1. Among K283, K235, K230, which is surrounded by fewer than 16 Cβ atoms within 10 Å (Cβ to Cβ) and on the phi < 0 side of the Ramachandran plot?
2. What is the number of the single condition among (1) more than 11 Å from the ligand (Cβ to nearest atom); (2) farther than 30 Å from Y149 by Cβ; (3) in a helix (DSSP H, G or I) that D285 does not meet?
3. For F116, state whether it is surrounded by 15 or more Cβ atoms within 10 Å (Cβ to Cβ) and either over 14 Å from the mean Cα position of the chain (by Cα) or away from the ligand (no atom under 16 Å from the Cβ) (or both).
4. Look at the range 9-67 and say how many of its residues are more than 16 Å from the ligand (Cβ to nearest atom), buried (at least 18 other Cβ atoms within 10 Å of the Cβ) and β-branched (V, I, T).
5. Take the residues in the range 119-159 that are of a type in the set (V, I, T) and within 12 Å of the ligand (Cβ to nearest atom), then tell me which one is modelled with the lowest pLDDT.
6. Show me the strands (runs of 3 or more DSSP E) entirely contained within the range 98-217 in which 2 or more residues are within 26 Å of K254 (Cβ to Cβ) and aliphatic (A, V, I, L, M).
7. Would you confirm whether any residue within the range 212-222 is within 13 Å of the ligand (Cβ to nearest atom), touching a residue at least 60 places away in the same chain (Cβ under 8 Å), aliphatic (A, V, I, L, M) and surrounded by 13 or more Cβ atoms within 10 Å (Cβ to Cβ)?
8. Being over 30 Å from A58 (Cα atoms), of a type in the set (S, T, N, Q) and at pLDDT 95 or above is the requirement here; does S233 meet it?
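The values are calculated or read from the model by the stated rules, or taken from the named source; none is laboratory data. Just so we're clear, the structure is a prediction, and the values are computed from it rather than from any experiment. In this analysis, Cβ positions are derived from the backbone assuming ideal geometry, glycine residues included, and neighbour counts consider all displayed protein chains.
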Amino acid sequence: RDKLLFSYKGILYPVSFCSPEVFRSMESLEARSDDIILAGYPKSGTNWVGQILSDLVAIFEKKTQNKESSENDENLEEFPYLEMGDTEKYERMNKLPSRRVIFTHLLPENLPRSIFKNKAKILLLLRNPKDVATSFYHFSNGISTLPSYETWDDFFVAFMTKKMAWGCYFEYLSKWNKHAADENIMTITYEELKENPVLGVKNIAAFFGIPLTEKELQSVVERCSFQSMKKNSQKTHGAFGNILFRKGGVSDWKNLFSEDQNEKMDKAFEEHMRGTKLGAKLKYDVYCK
Ligand code: A3P
């Protein structure tokens, strides 16, 4: 287990995806005001919302006839996760045309400073902690690059004692809560997007200044539904697709959590999030009780 994760500035990361060298070179990223940053704790629905954002950018480019980006062979795609890659990644990213879509699981304080300085817009994606833990448990046991757990109880202890890759869920939310009122940040929850994807996609597009016709809106919602993404997953994510697109719903935690674990999670939520803007946004009493 220890060999799969390393610690950097007090947070654990998987060795197969991240490295201290890459973290150090990340500061050279020159963020832009038209960058589209998707921030979220792992298993909050990053791939889903990431697909929505990529589709929106494709529509935007088609409309603005940004020929440079479609015709320039130099513009090779980068793996969209900011903190995963090699040390030269940021030099290459600096050369990519706008608009760039960048995903990250990092705490705000660990992001390249230019993101805040240059007022890049950030979409902060949240998901209720019980479904995040449930999703993370299955995911960890599904891929060899993350520690696996013999039992759900073992995983739960690790989740509650800050032993997860990308750090502690509650610390993540507390740190981002300090930015919750920033004008360049929009928050959205997995649950609200699931409940009303049309409204969610509409709001996301408006925040990033992407005009959409009703037909375009419907097509993004349809292409990014769990069913379509799962169906396509072999093509988009290979063998990894089956593990990633697992259930795609709300409340699967009810199949795993014991009474005692519910109490522990409720207590942690009270301690860290009650009364905070992000805490209210999560609607804990609706989705976690
Ligand atoms: P489950 O494990 O609960 O099914 P991330 O992309 O951040 O790793 O998050 C993965 C979670 O998002 C998984 O949750 C996955 O099924 C869910 N997900 C992926 N695509 C989705 C979609 N189009 N709609 C709803 N949920 C989706």
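1. K235
2. Tallying (1) more than 11 Å from the ligand (Cβ to nearest atom); (2) farther than 30 Å from Y149 by Cβ; (3) in a helix (DSSP H, G or I), D285 fails exactly one: (2).
3. yes
4. So the answer is 5.
5. Across the range 119-159, the extreme among qualifying residues is I143.
6. 121-126
7. yes
8. No: the conditions fail for S233.
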